[in-house]
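Colleague: The structure under discussion is supplied below as structure tokens; questions concerning it will follow.
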There are 2 protein chains.
Amino acid sequence: MKILKLDTETKKDLLNNLLKRSPNQYDTYMETVSLIIEDVRANGNHALFAYTKQFDKADISKDNILVTEAEYEEAYQTVAPEVIEVIKKAAINIKNYHAKQKQYSWFDSEPNGVILGQKVTPLSSVGVYVPGGKAAYPSSVLMNVLPARVAGVKEVIMVTPPDRDGKIYAGTLVAAREAGVDRIYKAGGAQAIAALAFGTESVPKVDKIVGPGNIYVALAKKAVYGHVSIDSIAGPSEILVLADETANPRYIAADLLSQAEHDELASAILVTTSSEVAEQVLKEVEGFTAILSRKEIIKKSLDNYGYILIASNIEEAIAAANEIASEHLEILTKDPFQIMTKIENAGAIFLGEYSSEPLGDYFAGPNHVLPTNGTAKFFSPLSVDDFIKKSSIISYSKEALEPIHKDIVTFAEAEGLTAHANSISVRFEEKGEEC
Amino acid sequence: MKILKLDTETKKDLLNNLLKRSPNQYDTYMETVSLIIEDVRANGNHALFAYTKQFDKADISKDNILVTEAEYEEAYQTVAPEVIEVIKKAAINIKNYHAKQKQYSWFDSEPNGVILGQKVTPLSSVGVYVPGGKAAYPSSVLMNVLPARVAGVKEVIMVTPPDRDGKIYAGTLVAAREAGVDRIYKAGGAQAIAALAFGTESVPKVDKIVGPGNIYVALAKKAVYGHVSIDSIAGPSEILVLADETANPRYIAADLLSQAEHDELASAILVTTSSEVAEQVLKEVEGFTAILSRKEIIKKSLDNYGYILIASNIEEAIAAANEIASEHLEILTKDPFQIMTKIENAGAIFLGEYSSEPLGDYFAGPNHVLPTNGTAKFFSPLSVDDFIKKSSIISYSKEALEPIHKDIVTFAEAEGLTAHANSISVRFEEKGEEC
């Protein structure tokens, strides 16, 4: 981690450096992924189970692909009771927050018989991907499943790779049960994504696939987009802390490190107007790193993608935050809500010194599945919106159509579409003949 | 067009047949598209202008890539005044409908200092693709541009391929001006999509690309997804008419044909409970086809993708409509609103005998950019939602964080993320030491 002056050149280098982490850079894996997808699409279970044997070393068949009730029970015995309690509490907060995102059907009518509206319908079925082994986070299960349940999706199924013994991580099972998953299929990687997109004898085709995964999973989701819907393609995690001279350097350092520990590609950036804060943060980062369990990951992440940038003034700092469009943005200034009004691009905005990012990761309620790698410029956090779709509603009476029907005929004829014109004029042909 | 009994086998054949039209089937063009994209990304204007010369036969340079004020003026002289009037009227209806889709930022607070919310921000810049020549529809310009303007997008630019003389179709220019496009760049095909996704010396990089195009454009949009956002990838147009014995066969026939004339891949399907209606519709279709200007297209479309299906009862008819998930659905029954409650999958739903589909194409106000080819199961009509993004808002006071901070630490430690735990506990360390 290094202290740099925030100038145009530094910003350009930083943005190019962060983009190196994008899954868009890994298209070389695409050939392998395409082969797996085509194989599962053509050969169903046979291909799915062969890849599970090859990649996960597990013997899975149509008879043991589903997690059983006994496995759930075992998981509840394995996970510590206080962790189960926290999962339950977090689930309540997440449900409450997402309930506020619900959108309703609406219509508008005019007394001449015009009715226009929008019908909201939940997706029928959703598949949630959950990574296996040490990359399995119970919090992530809650964040992906609960918005679908709040939206009213009829069937929410999960796929997750088994270990060599065909077992699923206990924390995943508990979180899945608490979130209300209907069934869990033991399958992972690109082959599981293909199974959800096209269906196999055992795994049903779904309408949408969500959830984090490695590069193979990300590329497979991109490949099946259009056949089914997907959530946005996530890159490595990142945080940007925007701080002035009033911020506590110890808190900033702890928050930067909580991001850096995610993986070696994670990015932690401080943009501050105070060079004193910058110096102290650097010192605190070194102190904390020495005592943290994931120090090797942290060091690599900070070396490659950690920045402390000193801005000449707060406007310059805000402009940089908007250009970087970070997944997580903490505002640690004397007037965080005023600064927030100027933020255009960020996945989640944390305001004030008691709103540290892990509060959002686990507990507060808003979704922790957020746009990464600059995509906060155009993507949104995962939400109930992702699990509904809309249909336009159009109903006109004869009284409403008659005065405008010639306008539509004019427009259709101008576009050379005479059958379109005919579809309108046929409704008034008797009248026309009477005139 | 043929009359068939609606049974499981027929439905399966129909669904497979319709899916043949999907842009997902044309991945063989992808190599060409990828080469064009990489070239424009690496070589900017130079590549863009070379492809414009190659494909559109036009000499475009940085000096004449933008449509000039003189060209707009000429367009207003070229387009018939009554067409300009209808464009203006339609624009008002489209704006009014989309204004009702606007979403607002919200927050919720608790007296202990918890503030949670969602900030809505319009995208900063959007690029609209408009096809050239005879595929240019002024109505499509309105439908793609106006929702972006209603959303509050700062900059809405357009790309459209020029003819050999470097000119743009007058109807496109008038519709663009009426919709409020900021600038029009003379560029088309995959090269124009690449220019919008990565920027060139002349064309700015945008946040999102929308608008219809040929297979090269569709594949290019798919390829740049993730670098920028895109609208859903559209396939050929389609209509499904759901009719009982009360429906007017002449109206049904005219409406089916208005869809069939779009292109040879368009699909027109009638599902009816009345074999009498089925017979009469077939007769009317033949009568109309003989006198319509686009009869060659219509014949091919109906031969390949036209169906008249007889259902045993209305429930069976509704189930088929939901499985087919048509772009446009007309309900011509004695109780269309009751039937509508059972419709899960459709882009736009037209109710009653005066709500023919061209009313929605041109005039009523709801968007005519709709999910095609079964994607109404998970995609929505183009809307104001497509031009905004959301940021979560999280602010906790010390009072709010303190009672739950140990829960978060427990959760973080259970996931093995000690730096996450530290970011919470550091806020209470003095207190902890005092205890």
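Colleague: Report whether or not B:GLU73 is without any contact (Cβ under 8 Å) to a residue 24 or more places away in the chain, touching a helix residue (DSSP H, G or I) at 6+ places or on another chain (Cβ under 6 Å) and assigned by TED's automatic domain parsing to the domain that holds B:VAL217.
Modeller: no
Colleague: Quick one: in segment A:154-170, of everything that is surrounded by fewer than 24 Cβ atoms within 10 Å (Cβ to Cβ) and under 21 Å from the mean Cα position of the chain (by Cα), which residue is nearest to A:LYS102 (Cα to Cα)?
Modeller: A:LYS154
Colleague: Further question on the same structure: Considering only residues of segment A:200-216 that are part of a loop (DSSP other than H, G, I, E, B) and closer than 17 Å to A:PRO131 by Cα, which is modelled with the highest pLDDT?
Modeller: Among those residues, the one meeting the criterion is A:GLY211.
Colleague: Now, a different point. Tell me yes or no: at least one residue of segment A:294-306 is β-branched (Val, Ile, Thr), touching a residue at least 40 places away in the same chain (Cβ under 8 Å), outside any helix (DSSP H, G or I) and in contact with a helix residue (DSSP H, G or I) (Cβ under 6 Å, 6 or more places away or on another chain).
Modeller: No, there is no match, as no residue in segment A:294-306 is β-branched (Val, Ile, Thr), touching a residue at least 40 places away in the same chain (Cβ under 8 Å), outside any helix (DSSP H, G or I) and in contact with a helix residue (DSSP H, G or I) (Cβ under 6 Å, 6 or more places away or on another chain).
Colleague: Continuing with this model, one more query. Counting just the residues of segment B:310-364 that are among the β-branched types (Val, Ile, Thr) and assigned to a loop (DSSP other than H, G, I, E, B), which one comes out farthest from A:HIS420 (Cα to Cα)?
Modeller: Checking each candidate, the answer is B:THR341.
Colleague: Right, something else. What is the one condition in (1) within 22 Å of A:PRO358 (Cβ to Cβ); (2) surrounded by fewer than 24 Cβ atoms within 10 Å (Cβ to Cβ); (3) in contact with a helix residue (DSSP H, G or I) (Cβ under 8 Å, 6 or more places away or on another chain) that A:ILE310 does not satisfy?
Modeller: Answer for A:ILE310: the failing condition is (1).
Colleague: Let me ask you something else. Can you tell me which residues in segment B:368-389 are among the charged types (D, E, K, R) and crowded, with 24+ Cβ neighbours inside 10 Å?
Modeller: Passing the criteria: B:ASP386, B:LYS389.
Yes or no, residue by residue, for (1) facing another protein chain (nearest Cβ under 10 Å); (2) aromatic (Phe, Trp, Tyr); (3) more than 27 Å from B:TYR137 (Cβ to Cβ); (4) surrounded by fewer than 24 Cβ atoms within 10 Å (Cβ to Cβ):
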{"site": "B:ILE314", "(1), (2), (3), (4)": "no, no, yes, yes"}
{"site": "B:ALA320", "(1), (2), (3), (4)": "no, no, yes, yes"}
{"site": "B:GLU327", "(1), (2), (3), (4)": "no, no, no, no"}
{"site": "B:ILE331", "(1), (2), (3), (4)": "yes, no, no, no"}
{"site": "B:ILE339", "(1), (2), (3), (4)": "no, no, yes, yes"}
{"site": "B:LYS342", "(1), (2), (3), (4)": "no, no, yes, yes"}
{"site": "B:GLY347", "(1), (2), (3), (4)": "yes, no, no, no"}
{"site": "B:SER355", "(1), (2), (3), (4)": "yes, no, no, no"}
{"site": "B:PRO358", "(1), (2), (3), (4)": "yes, no, no, no"}
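Colleague: Quick check on my filter: what residues within segment A:389-418 are closer than 20 Å to B:LEU292 by Cα, in a helix (DSSP H, G or I) and aliphatic (A, V, I, L, M)?
Modeller: Initially, segment A:389-418 is screened for residues closer than 20 Å to B:LEU292 by Cα, giving A:405-418.
Next cut, in a helix (DSSP H, G or I) only: A:405-414, A:418.
Selection gives A:ILE408, A:VAL409, A:ALA412, A:ALA414.
Colleague: Where in segment A:104-198 are there strands (runs of 3 or more DSSP E), lying wholly inside it, with at least 2 residues that are touching a helix residue (DSSP H, G or I) at 6+ places or on another chain (Cβ under 6 Å) and either under 30 Å from B:GLY347 (Cα atoms) or away from chain B (no Cβ under 11 Å) (or both)?
Modeller: A:114-122, A:125-129, A:155-160
Colleague: Given the conditions (1) modelled with pLDDT under 95; (2) farther than 18 Å from A:ALA419 by Cα; (3) basic (Lys, Arg), and given that B:ARG294 satisfies all but one, which numbered condition is not satisfied?
Modeller: For B:ARG294, the exception is condition (2).
Colleague: Is one or more of the residues making up segment B:397-412 within 7 Å of chain A (Cβ to nearest Cβ), free of Cβ contacts under 8 Å to residues at least 24 places away in the same chain and in contact with a Pro (Cβ under 7 Å, 6 or more places away or on another chain)?
Modeller: yes
Colleague: From the list A:LEU35, A:LEU66, A:LEU48, A:LEU14, pick out the single residue that is in the same structural domain as A:SER275 (by TED's automatic domain parsing) and of a type outside the set (Asp, Glu).
Modeller: Result: A:LEU14 is the single residue among A:LEU35, A:LEU66, A:LEU48, A:LEU14 that is in the same structural domain as A:SER275 (by TED's automatic domain parsing) and of a type outside the set (Asp, Glu).
The values are calculated or read from the model by the stated rules, or taken from the named source; none is laboratory data. Worth saying up front: this structure is predicted, and the values here are computed from it rather than measured. Here Cβ is always computed from backbone atoms with ideal geometry, including for glycine, and neighbour counts include all displayed protein chains.
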